[in-house]
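Read through the structure below, which is laid out as structure tokens, and then see the notes.
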Amino acid sequence: MHKWLVWPVISTALLTLLGGCSPQKYSANYTNGLVYCSESDPISMNPQLDTSTTTADATAHQIYDRLLEFDTESGRIRPSLATSWSVSDDGLLYRFSLRRDVKFHTTDYFTPGRPFNASDVLFSFNRWRLPQHSFHNVSGGYYPYFESLGLADNIADIKAVSPYEVEISLKQRDSSFLANIASDFSVILSAEYADVLMSQGIPERIDRLPIGTGPYQYADYQKNHYIRYDVNNDYWQGTPASKALIFDITPKSSLRLAKLMTGECDAVAFPARVDHQIIREREDLVLAEKPGLNIGFWAFNTERPPFDNPSVRKALAYAIDKNTLIEAVYFDSATRAKSLLPAASWAYQADAQDTGYNPVLARQLLDEAGVAPGFTMSVWAIPVERAYNPNAQKMAELIQRYLADIEVEVNIVSYDWSTFRRQLRQGNHDSVLIGWSADNGDPDNFYRPLLSCDAIPSGTNRARWCNPAYDEILDRAIQTEDVDIRKALYFQANELLFDKLPMVPIAHAYRYQAYREELSGMVINPYGGIRLGGVTKQRD
Amino acid sequence: MIRILSRYAILFSLTLLSLCALSFSLIYLFPAEPVTTLTGITPQNLMQHEALMNQYHLNNSIIVQFADYLSELFAGNWGVSLISGQPLSEEIMLALPATIELSACAMFIVIVVGIPLGCYSGLRAYSTTDFTINSISVTAYSVPVFWLAVLFILTFSLQFGWLPLSGRINLLFDIPPKTGFLMIDILLADNVDRAAAFSDALLHLILPVLSIACISTASMIRITRRSIIDVLNKPFIIAARSKGLSSKQIFFRHVLRNALLPILPLMAMQITTLITNAMIVETLFSWPGIGNWLIQAIYQRDYSALRMGMLAVSTLVVMITIAIDLFNRLIDPSREKYESVTI
């Protein structure tokens, strides 16, 4: 009776099905660009203003260059925008020769009128160095990396000897100075761009619409969604092969892995530990690993009682079994941390003292310090995966259980990443599970930003611990080039830290990078943010 | 006619007013400073606090505050997001079209697949084909949408690698968001291979659309089938048949028209289900729509965003429901007899 109805129905159904099943490769301009799936939004487009890995990844090596650069293999410092440098005998005067014919980015919002020269170096350094500089207070006037190292106070003067020669004089010898100049945060901005913005009355735009000399230039940014970069066709190291670079912001690591498997991402940030096996088993994916220069720790807010008492901190340290934490959270991809430095560092102390698991002693210490059973404290767990702590939430839960054994109650606290950091900087925590990835290979880069007095206002001293004796040891250590003397001083610092225990070092993790096998030139940079300039994607 | 229209207009504005009142009361219900929830700005000092209090008349009585709130709303000043600091009107206008686009595509599938299958099933009532279609639709109706979406992702994206699992389009296509509707934006974009961009956007649509459309199609099939069977049993069909009309003529002239009328109001209800499902599916497919946006706002305790997002979504749903009801009322003469207006 109703035969005429059959065909339209069947064909519609078939068409719908066929639409869903055509096995075609779904990206026509697949090889034209790179998609990197990052884990969070950068705080700013200028790494001078923030120390987080997210910001450094998104900006430091994509948009900008530095005077010097770390070699990812050897860790040695090599020329970048500075072609050569020399140091005076007393170690106080550094002279840099600058590269010629380096062009700044030409974008919709800025066209450079001159190549890079000494005035750009002066501008970039003076911005964070001099409080009276016209750009110092733009975007908050807050330069956490440099403040935590006290770098501004140690620089006596910077001057341009000629348009392509810069001299920096220090007040005191600093053997980690070159390493700091090569870190992710010492980027070179365009002085010409700054002048244009200042004359237009919109100086804060310099950190939102960035101009640098790096392999990619900024094109667009949608919060929680993506950052889009175009290729810098005039890049001085040769134009990158990819016409575009995209940071696809994907906070969930399972989704990042899924997108890596479908080819929607070419490389992903922070592959989760549980996913490593899956990545290794797939032929089209690569998992690269390298021992990382990092540390995951549990820091106590030493400004808040009872955590201002070293024996309370020690008691809590004795209450947890680090080995179990490491097994449960890092699987087999981390080593136990005794002091701040990982074994890869030259100042590593193999026989440093460490706290063991001893709940009875812990309770006893608490009783002596007058902390009654039923005491409640908060443990803040970072809401993002980091190499140094891939699952802080889980670690916090384990600590919660350990502390329950010594009758201390734990509230686990977590916010979204930017709120978390803001609250942390205000010191609203009792204790926090967080960590540190070094920006350069120098031991000073661990000891100073993590626990020195200067690092409290700059926010990297999560323990908010200030000890003049400790600071003095650090200062003495950077005033000499003699490795043995420096080593002895850092050992002394370790001893002091074990005695006061402002934080419990937990683990040094390996660094991992997961990417598709079509990519070549992908290397792990142990000294900071990811470098995508030399990465190319082959047609299969 | 004018009476009907004005009744609907009054109903619409009253509903909107109560929605606004609800969203206004949230300012005081959320566990944060009223100024902050209202404007999205956390006052840095007492002076700024005072200035904001004055600007939004928060020192005056509740009635004045509400009146001021309404005038700000209509002026398009919806405050800024607590987290991103962007104007909420901009963020919502970017997210809402993505949801509408997704829902519209799903609705298209629902109509194109659901109605013909329902008709066929109704005409062949109680045959094997009918039972087959019916049991499939009951099964499909019972599947939770979030589970189905995950199943689709596992099979078609991860197992076979045929279809992408996130977003509206591969980000390598640089499509500036002018209208927020991707298909229109592609047409407006320059320097883009439009055909490739279109096919890529379509491929991104398939899985989310299918996951949403599945449930609604199933209920559409059952509604249509029921309606067709009811109409077939009416005396005027026997009369038409005795006049000697062919079955084709009977179907298009008498059965279809009469069967579709009662379907329309039910379809309006389907749309709300569809939008709700769309918001669930968005989070699974990282679709940058209003559902995803609201979930982010919840995670980050972005109170000002939650307040406006809730208002925007409910306004949209109320608008669609009332519009379909009005349309139905206008074309269905049998409904003249109902005096009251209902939604």
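The values are calculated or read from the model by the stated rules, or taken from the named source; none is laboratory data. What you are looking at is a predicted structure, and each value in this text was computed from that prediction instead of being measured. Cβ coordinates were reconstructed from backbone atoms using ideal geometry, including for glycine residues, and neighbour counts include every protein chain displayed.
Restricting attention to segment B:188-216, the residues that are modelled with pLDDT of 90 or more, of a type outside the set (A, V, I, L, M, F, W, C) and either under 15 Å from B:I169 (Cα atoms) or out of contact with any Leu (no Cβ under 8 Å at 6 or more places or on another chain) (or both) add up to 2.
Between B:S137, B:S81, B:S121, B:S127, the distinction of being modelled with pLDDT of 90 or more, within 14 Å of chain A (Cβ to nearest Cβ) and over 21 Å from B:L210 (Cβ atoms) belongs to B:S127 only. Summed over segment B:1-59, residues that are assigned to a helix (DSSP H, G or I), touching a residue at least 24 places away in the same chain (Cβ under 8 Å) and in contact with a Ser or Thr (Cβ under 8 Å, 6 or more places away or on another chain) total 8. The residues on offer are A:V384, A:V360, A:V432, A:V410, and the sole one that is touching a residue at least 12 places away in the same chain (Cβ under 8 Å) and more than 22 Å from the chain's Cα centre (by Cα) is A:V410. Residues of segment A:524-540 being within 22 Å of A:T262 (Cα to Cα) and out of contact with any helix residue (DSSP H, G or I) (no Cβ under 7 Å at 6 or more places or on another chain), which ones? Selection gives A:L532, A:V535, A:T536, A:Q538, A:D540. Scanning segment B:97-104 for any residue that is over 24 Å from B:I271 (Cβ atoms), surrounded by fewer than 18 Cβ atoms within 10 Å (Cβ to Cβ) and more than 12 Å from chain A (Cβ to nearest Cβ) turns up nothing. Just give me the residues in segment A:238-255 being part of a loop (DSSP other than H, G, I, E, B) and free of Cβ contacts under 8 Å to residues at least 60 places away in the same chain, in sequence order. Those that are part of a loop (DSSP other than H, G, I, E, B) and free of Cβ contacts under 8 Å to residues at least 60 places away in the same chain: A:G238, A:T239, A:K252. I'd like to check something: does segment B:126-148 contain any residue that is of a type in the set (V, I, T), surrounded by fewer than 21 Cβ atoms within 10 Å (Cβ to Cβ) and not in a helix (DSSP H, G or I)? So far as segment B:126-148 goes, yes, one or more of its residues are of a type in the set (V, I, T), surrounded by fewer than 21 Cβ atoms within 10 Å (Cβ to Cβ) and not in a helix (DSSP H, G or I).
Within segment A:253-272, being at the interface with another protein chain (Cβ under 9 Å from one of its Cβ atoms), surrounded by fewer than 22 Cβ atoms within 10 Å (Cβ to Cβ) and not aliphatic (A, V, I, L, M) holds for A:T262, A:G263.
Of the residues making up segment B:147-164, those that are farther than 14 Å from B:V209 by Cβ and not aromatic (F, W, Y) are B:V150, B:L151, B:L154, B:T155, B:S157, B:L158, B:Q159, B:G161. Scanning segment B:80-90 for residues that are surrounded by fewer than 22 Cβ atoms within 10 Å (Cβ to Cβ) and closer than 16 Å to B:M310 by Cβ gives a single hit, B:S89.
Can you spot a residue in segment B:63-73 that is touching a Gly at 6+ places or on another chain (Cβ under 9 Å) and either among the charged types (D, E, K, R) or farther than 30 Å from B:L256 by Cα (or both)? Yes: one or more hits. Of all the listed residues (B:I100, B:I83), the sole one being of a type in the set (V, I, T) and assigned to a loop (DSSP other than H, G, I, E, B) is B:I83. For segment B:59-73, check the following and say yes or no: at least one residue is within 14 Å of chain A (Cβ to nearest Cβ), of a type in the set (A, V, I, L, M, F, W, C) and in contact with a helix residue (DSSP H, G or I) (Cβ under 9 Å, 6 or more places away or on another chain). No, segment B:59-73 contains no residue that is within 14 Å of chain A (Cβ to nearest Cβ), of a type in the set (A, V, I, L, M, F, W, C) and in contact with a helix residue (DSSP H, G or I) (Cβ under 9 Å, 6 or more places away or on another chain). Restricting B:H204, B:H254 to those that are within 11 Å of chain A (Cβ to nearest Cβ) and in a helix (DSSP H, G or I) reduces the list to B:H204. Here B:L316, B:L311 are screened, and the one residue that is modelled with pLDDT of 85 or more, more than 22 Å from A:T419 (Cα to Cα), buried (at least 19 other Cβ atoms within 10 Å of the Cβ) and more than 14 Å from chain A (Cβ to nearest Cβ) is B:L311. In summary, strands (runs of 3 or more DSSP E) completely within segment A:31-112 and bearing 2 or more residues that are surrounded by fewer than 23 Cβ atoms within 10 Å (Cβ to Cβ) occur at A:68-70, A:77-79, A:82-87, A:93-98.
Does at least one position in segment B:193-200 carry a residue that is touching a strand residue (DSSP E or B) at 6+ places or on another chain (Cβ under 9 Å) and not in a helix (DSSP H, G or I)?
No, segment B:193-200 has no match at all.
Filtering segment A:210-222 to residues that are in a loop (DSSP other than H, G, I, E, B) and in contact with a helix residue (DSSP H, G or I) (Cβ under 9 Å, 6 or more places away or on another chain) leaves A:P210, A:I211, A:G212, A:T213, A:G214. I'd like to know if segment A:207-220 contains one or more residues that are over 19 Å from A:P112 (Cα atoms), surrounded by fewer than 24 Cβ atoms within 10 Å (Cβ to Cβ), within 12 Å of chain B (Cβ to nearest Cβ) and touching a residue at least 40 places away in the same chain (Cβ under 8 Å). No; the residues of segment A:207-220 include none that is over 19 Å from A:P112 (Cα atoms), surrounded by fewer than 24 Cβ atoms within 10 Å (Cβ to Cβ), within 12 Å of chain B (Cβ to nearest Cβ) and touching a residue at least 40 places away in the same chain (Cβ under 8 Å). Condition check for B:Q270 on (1) modelled with pLDDT under 85; (2) in a helix (DSSP H, G or I); (3) surrounded by fewer than 19 Cβ atoms within 10 Å (Cβ to Cβ); (4) not acidic (D, E): one failure, at (3). Of all residues assigned to segment A:342-357, at least one qualifies as being among the charged types (D, E, K, R) and assigned to a loop (DSSP other than H, G, I, E, B). Regarding A:A156, is this residue part of a strand (DSSP E or B), farther than 20 Å from A:N117 by Cα and small (G, A, S)? So A:A156 fits the description; yes. Selection within segment A:399-422: residues that are surrounded by 18 or more Cβ atoms within 10 Å (Cβ to Cβ) and modelled with pLDDT of 90 or more. The member of this set that is farthest from the other protein chains (Cβ to nearest Cβ) is A:I406.
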